[in-house]
1. Calculate the length of the line joining the C-alpha centroid of the stretch 82-116 to that of the stretch 1-46, in whole Å.
2. With point charges of +1 on the Cβ of Lys and Arg and -1 on the Cβ of Asp and Glu, referenced to the Cα centre of the chain, which listed residue (LEU64, SER197, PRO184) lies farthest in the positive direction of the dipole?
3. Treat the count of other C-beta atoms within 10 Å as a stand-in for reagent exposure and order SER121, SER197, SER96 from fewest to most.
4. Any idea what the alpha-carbon Rg over 2.2 N^0.38 Å comes to for the stretch 1-60?
5. For the chain, which longest stretch is free of loop sites, where a loop site is one of the GluC sites (Glu not before Pro) that DSSP puts outside H, G, I, E and B and that has at most 16 other Cβ atoms within 10 Å?
6. Rg and Dmax of the stretch 65-132 over Cα atoms: what are they, in angstrom?
7. Treat the chain as a sphere of radius equal to its Kirkwood radius over Cα pairs and apply Stokes-Einstein at 20 °C in a medium of 1.002 mPa s; give the translational diffusion coefficient in µm²/s, rounded to a whole number.
8. Please give the net charge around ARG28, taking every other residue with its beta carbon less than 14 angstrom from that of ARG28, where Lys and Arg add +1 and Asp and Glu add -1.
Amino acid sequence: MGFFNDYLPTTGDKLLTKWAHYFEVYERELTRFRSRPVRFLEIGIFRGGSIPMWKEFFHDESTLVFIDIDPACVTHAIEGTHVRIGDQSDPEFLRSVIEEFGPFDIVLDDGSHINRHQITSFEAIWPAIDDRGVYVVEDCHTSYWPGFGGGYRNEASFMEFAKRMIDRLHSWYTDQDELFEFDPIAKDLLGVRIYDSIVVFEKRLNKEAPISLQIQNGEVQGSRAPLTMRNRTSMFRGRDGG
Ligand SMILES: C[S@@+](CC[C@H](N)C(=O)[O-])C[C@H]1O[C@@H](n2cnc3c(N)ncnc32)[C@H](O)[C@@H]1O
């Protein structure tokens, strides 16, 4: 685990709180952002330990922004970082952060972990994620904790929201408009990756409708015919007895 293995023994007196299995996910998901200046936002500061870690992880000329509801967190800002105080469930506050520092390449939600807040923050900030950027939500095990507004298969939980996002990503393909309409987010969402307690949404702006390729003898032919079944009988209908 390259960077983090080396970094953790060098930490100073600011407390860092992360689950051990998150570092492998950070390596996989964030290493590709290290070679250039990025705009990074973390929700949730607590004792400030993640601020020096991300400062060392990302490129020197990056814009690193940290927000927390607790005014005491202003003391955790270090040179070259920005701390703003506000509530992640307040879209007006989030808009002000986006106006000041956005758009972002990476957003990491390590704030209240209240399911409703995670969804509100995602909805407010997702439009301000840059092309090829990622929105990362951690501690999603609170989706299974009623005390945080979750609970097994609770429709209001963040994990159920993430599962619905998997449907929305595939809404190009539906021929059941009355049940499942095309959702424009499919044009801007490359994928949703689910890890233990972490969900990553990756942006890919202005995706074209998917093309099915026929490839033979070095010739590549594309077709969107499979998508034209929308609103009429599917070419696949009948395979499930329907
Ligand atoms: C898990 S700690 C953050 C840990 C820190 N990111 C780290 O890696 O060490 C969660 C923080 O979220 C903050 N928080 C709680 N509710 C919040 C809200 N509604 N808006 C913004 N921050 C909130 C808390 O004050 C607390 O400092």
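1. Cα centroid of the stretch 82-116 versus Cα centroid of the stretch 1-46: 18 Å apart.
2. PRO184
3. On the way: SER121 26, SER197 19, SER96 13.
Ranked by crowding around the Cβ, least crowded first: SER96, SER197, SER121.
4. 1.08
5. The answer is 80-154.
6. 11.7, 34
7. Details: Rh = 19.8 Å.
Once the numbers are plugged in, D ends up at 108 µm²/s.
8. Residues near ARG28 contribute -3 overall.
Bear in mind that the values in this text are calculations on the coordinates, not laboratory data. Note that the structure is predicted; figures quoted are calculated from it, not measured. Cβ atoms come from the backbone with ideal geometry, glycine included; neighbour counts cover every protein chain shown.
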